[in-house]
Each structure stands twice: as structure tokens, then as C-alpha cells.
Amino acid sequence: MASGSRPWGALLLLPLVLPAVCRAGGGCGGDGGPLEPFDGLYASGVEAYYGGDFAGAARCLERALRSRRELRDARLRCRRRCRGQVRLVAPDAGAGGDLLFFGSVLRRADCLRSCEEPRLGAVSRHRAAEEVRADFQRRVPYSYLQRAYIQLNKLEEAANAAHTFFMANPEHMEIQQDIENYKTTAGKVSLVDWEAKQHMEDYSAGVRHYDKEEYELAIDFLERALKGYYSEDEDCQIMCEGPQRFEEHEYLEYKAGLYEAIADHYMQVLACKHDCVRELATRSGRISPIENFLPLHYDYLQFAYYRVGDYVKALECAKSYLLFHPDDEDVLENASYYEGLLEGTMDPGTIKPRKEAKMLLQRHKLESHLLQVAAASLGYTYTEPNYWNRYGARQDEHSVPSSISSEPEDGPRLSLAKKPMPKPDRELKEGGPLLYSDVKFVYNSQQLNGTQRVLLDNVISEEQCRELHRVASGIMLAGDGYRGKTSPHTPNERFEGATVLKALKYGYEGRVPLKSARLFYDISEKARRIVESYFMLNSTLYFSYTHLVCRTALSGQQERRNDLSHPIHADNCLLDPEANECWKEPPAYTFRDYSALLYMNADFEGGEFIFTEMDAKTVTASIKPKCGRMISFSSGGENPHGVKAVTKGQRCAVALWFTLDPLYRELERIQADEVIAMLDQEHLGPSEMNINPKDEL
């Protein structure tokens, strides 16, 4: 987070807690007595930060993060203890038989309060506002903490705080740049995610070892990941027994009877428990889980155990996977193959699926049944999500277990290696006509080492480039499109931009030549038609956003630069290089389908456009801009891209994003169309460039 903005949660709390807690140069609560609420400590840390007390800010923010962890640990410890000490008693059928049950409920409630209050104090002290909880979920405190550490010259701690924040916010370009700076200034930095989910870390390590064919190490990490998963699942179930705040269950607004009130609250708890599967499969800061997460563990393991010669474990894991996907043909064949290997030495029928997998799936199915029955009888909406999506987490050859070419044809195959890819929303094509005789084809996707990519030259002429440059100097504003931030991507360059509508308005008002303003509109339409035709789209391609942009190297700031002009990203999803994922969810512009960049000049140094792998490091293609050159590509995670540092001069281009969904048409483009229609009625006509496509080449 930039140092000039504050989280809403912290702002809401400041008036309430500041007098009692943190003052400039002061502390943030003592160590004695009940646990200090984390929301108050957080607000105190933020206020100390903005007051310039960076030592106090770091102290309060560290205590806030520690307090939140201790709060969860205390609740878990007490709920476990009271589960063991006070068992719930089943009601008897006779008169007053329910008294035994409700008596045990009351005793457990008393046990919980007696256990929690000495350490936590009154329950109400720890009811943080929704905005504060959201800040901690997004790891916002670490953004403040890393800035405070910088001021205290604690570079290693600052790097780890920045990394911890970045792992939940991979789209945050400023933090990404900060991390790169730490690597330069602090030397070799071993980055640590202080909020890492250990079962996720072990799973990722296991997959990495699997991809390297280090099967014994893969087994160690994946087994550790499974153990951690089931432990976290138990914790998640227990934590769901706290207060619930679901929108459809405002039961305090009506006077329900005893059993209706119990059923209402229990359904909220049950829905929370049922969703633990999603919670445990979701990386910090993300909305979407890793699909098929738990079954994937067994899929990797069944093949890894086969490769190390442990056929009993291979069969056990294959059968465990089949609990989730009983009709999976590949794993059914694998299981049969493993049974054949074991015949003669033991009875394969004695090998059963793992007990913990079977118990979790049985519980999950019962939860689902109860939720659907309750939804029908109590009158609220419930739709069962698809928790075990069969296509797994990633769709590249390194993301799922892959069969080995040296294996016999009748040997085991990995469940996901032979699966068809999910069908895309549209059939991917390319190579359609370029429509304009002067446009020159340069490279296609294969030559650019990727998917849905094309490089073209002569899209506009040298004279049109010069005219665009002249109009740009008259209409662009620093930070346009980035809330006025003059250096949104790097502090070493100035960013300026302008939209089509602004150009036309300036032209109509006589502030720039109208013909030049109209040129901007016309060339963007020309680019749209070329992209739509080349990629052979069977539906209309609409403008999503059009932006004339220039990046200018700032003098005195170019020595030993190691940053990028625009960090590696994707245009319609949140690129997560650590996980090799691209999450198609807000705040990404998920509706964007195609992108294009039309360059206006070459008289600058640096500024090459680059494609990379999803690791945001491995460059697959590099393109040097020049007048009339256009690169276009599909906007998804298949095309991560960025811009190398502009180290001298000014680099200008027309950036275009397109959508196939008319609901997301660019509003300013629609308004610009209206301005063009008005100009045509006034006989002011189009620019001199020919925008009528010729016959197909």
C-alpha cells in the first residue's frame, strides 16, 4: 500500500482507541492482564506510522499481528479442551429427556467461558469491525510494517514483511518493486512468508520435487502436506463454532422459537464447516481455491510411490483418489495395474483407501445432505459448490503428474496427464486477413513462443506517428488512468496518458488540431478491426479501454536500474508467479479478452516489450518498439508481459484492450462515437487516413 492511503478499518477505529493506547513515542499496551485486542493495536500502529513514530508503529503492528494469532490459538485450545471435558449427551425418549442434552450444552458453554476469560477478557473486546478483519485477511498490516522497517534500517525484516504482503497481493506493483529493490540493496535476501499456510508450502514443495522426478522427496513433502491438511481441517471445523454473521441469517430481527433459533444458528455453523474444504485450498488473499486440491495429493502420491517401487502405497493412494472420482478411467486402470503387480505376494483386496480420506468424504457428504434438507425446509437458498473439480489446479504439463515416455503402454498413467483441457469459451484461431494492404505481418504465436500472439509492422505511417506525438504533447496528463500517480509503476519514470474522448473534446474546443485528435480515434478503430480479423473471432470485438501513453526516463535516476518500466502482469487475471497461477477474479479486469499495443516511436533507450512464462522471470519473446509496430495477444494468464526500463528519452504507444462482452464496452468510446457522429453531421469528416479495409489479402 502506498504510504499516502489508509485502510478504512484502521480509520474507523482511531477515534476510539488512540487516547488509551498508542501515542508518539509511547507504547501500545502492556504484557500483563488479558490479551490486548488486535484491532486497537493495529489502529495505534497506523497512527504512529503517520505520526512519524516508526519504532512505535513497528512495535504496535507486530503486537497486533501477534495478538490476532494468540486470539485464535486461545480459542482453539479452549474449544478442544471443552470438547474433551464436556461431552454432549444424547436426549432420552422419556419425559424431560432433553434436559440431559441441554444440561451438557450449558456445561460446555460454561467451560468455554471459564477457559477463555482469564486470557482474553470479555468476549466483546475482540469483536473487530468487518473492515479491520478484511485488512488482516489481505495482510495490509505488513504493508505498513515494511515501510516502518525501512525507516528503522531493518532491511531484512522489511523484505520479509513486503514478501508476506505480496504473497496475498501479487497484483500490487509497488510492493513488487520494493522487493526487487531489497534484493539489490540488501544483497542476498532469503524471503520468508510470515503468514504461510504450512500445508500449502509442503504441497508446493512436493509438486516441485515431483516435476524434477525427485520422487522420494516429493513423497516426503506431499505426505507432510496431507498431515498438515487434516490438522488444519480439524482447526477450521472448531473455529466455525464461534459467532456467525451470514446475511441471510439475521435471526435477531425476528422472534423465533427455541428449535428454529437453534436450527438457524447451527446451519450457519454447518455451512462454515462444509466450506473448510474451500478455505484450506485457497491461497492467502485469493478468492478462488486450487481446484481438486485434496484429491491431487493422492494423485501425485499414487504415481510417485509407483516410481519408487512401493506398490502397496501406490494402490492405497490410487484407491484414496477414487473415493473422490470413482469413474476416473486413468486411475481405475492404474489401480488395476498395481493390483496385478501385487498378485502372488499378497491379496490386493486387503489394501483399502486411507481412513482419513474416507472419513472426511463421508462427513462432507452428510454435511451437504443436511444443508440441502435445511434449505428446503427452513426457506433459505443453498447451492452446493463443486468442491472436487476434476481438472486440478493448473493446466500445463508441469502442474500435474505426467506419464513417463519410457513406461510400457500398459503401465500406470497419471489421472490428469491424459485429461482433455476444459473447453475454452471460444475456439482459438489465428492467421486471418490483415485487411489493410500496407500492414506487414512479422511473427505469429509460434515464432513468438506463445499462444494467441501476433507482431505486425506498418500499421500506421511515419507521418501519422509524428502527428500522434504532437497531439499527445497537448492532451496528456501525468498519472492519467492511475489516479494522478505520476510514477505508478516505477519511481524512475514519469507516466502520462490520455483517452480518445479527451482528444476529441480538445480537438472540438480547438486546443489541438481536430484532424490530429480524430486520427487517434481512427487508428484505434483500425487496430480493433485488424485484431478481430487476424484472430478470426466469430463475434464482435469491442473496446474495453483505449489509452495513449508515454513513459519518460527521469534524469539522474537511471544509474544501476534493475527495475521494469511496467512489472510483469496479465491483463485479465492476477498473476501469482510463486504458484504459477493466474487468478481470474477481481480486482483484475476479468472481462478483457484481447490486448494490443501500437507503438509511435523508437528514439529512446530500453523499453522493450517482453513476454514471460508464468514465473514472471523466464522471457519467451522480446520486442523493440518502433513507429507503426503493433503487438497483439490474448489477455489471459497464457500471456504474462511487461516493459523493460526506459533509461533515456520518451516511449509512446496507443494501448488498447478489447472485450467480447458488450456489457463491458468502454463508456468513453461510446461517447467518442457520439462526438464523431456529431462531427460528421457538421461535415468535419474523418482524418485523411484510409480506415476502409481492402479486400482480403
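The values are calculated or read from the model by the stated rules, or taken from the named source; none is laboratory data. Computed from a predicted structure; not experimentally measured. A quick note on method: Cβ atoms are made from the backbone with ideal geometry, for glycine too, and the neighbour counts reach across all protein chains shown. Just the protein is used for accessible areas: all its heavy atoms, side chains included, with ligands, DNA and RNA removed. Shrake-Rupley method; radii C 1.70, N 1.55, O 1.52, S 1.80 Å.
A few points about this structure:
- Report note on the peptides 200-206, 553-559: ranked by the mean count of other C-beta atoms within 10 Å, highest first, their order is 200-206, 553-559.
- Cβ-derived FRET efficiency at R0 30 Å, LYS212 paired with VAL192, nearest 0.05: 0.85
- Pair SER114, GLU156: separation of 7 Å Cα→Cβ label points (nm): 4.6
- Using a probe of 1.4 Å on the protein chains alone, the accessible area found for SER124 is around 80 Å².
- Mean-position separation - Cα centroids, region 628-680 and region 485-557, in angstrom: 6
- The distance between label points at ALA90 and GLN137 comes to 3.8 nm (points 7 Å beyond Cα on the Cα→Cβ vector).
- Across the protein chains, with a 1.4 Å probe defining accessible surface, the residues CYS60, CYS272 rank CYS272, CYS60 from largest area downward.
- P(r) of region 38-186 over all Cα-Cα pairs, binned every 10 Å from zero, in whole percent: 11, 29, 24, 16, 11, 7, 3, 0
- Given R0 = 45 Å, the distance between the Cβ atoms of THR381 and VAL312 translates into a calculated FRET efficiency of 0.45.
- For the pair SER555 and GLU463 in one chain, pulling the backbone fully straight at 0.36 nm per residue adds 30.3 nm over the alpha carbon distance.
- Which of LEU258, LEU361 is most accessible, then next, and so on - probe 1.4 Å: LEU258, LEU361
- Ordering 230-236, 627-633, 277-283 by mean Cβ neighbour count within 10 Å, with the highest value first, yields 627-633, 277-283, 230-236.
- Given their separation in residues at 0.36 nm each and the Cα-Cα distance between them, LYS626 and ARG363 gain 88.5 nm when the chain is fully extended.
- Protection proxy ranking of 294-303, 348-357, 640-649, 261-270, by the mean of other Cβ atoms within 10 Å over each peptide's residues and highest first, is 294-303, 640-649, 261-270, 348-357.
- Cα Rg, Dmax, region 546-692, angstrom units: 17.8, 56
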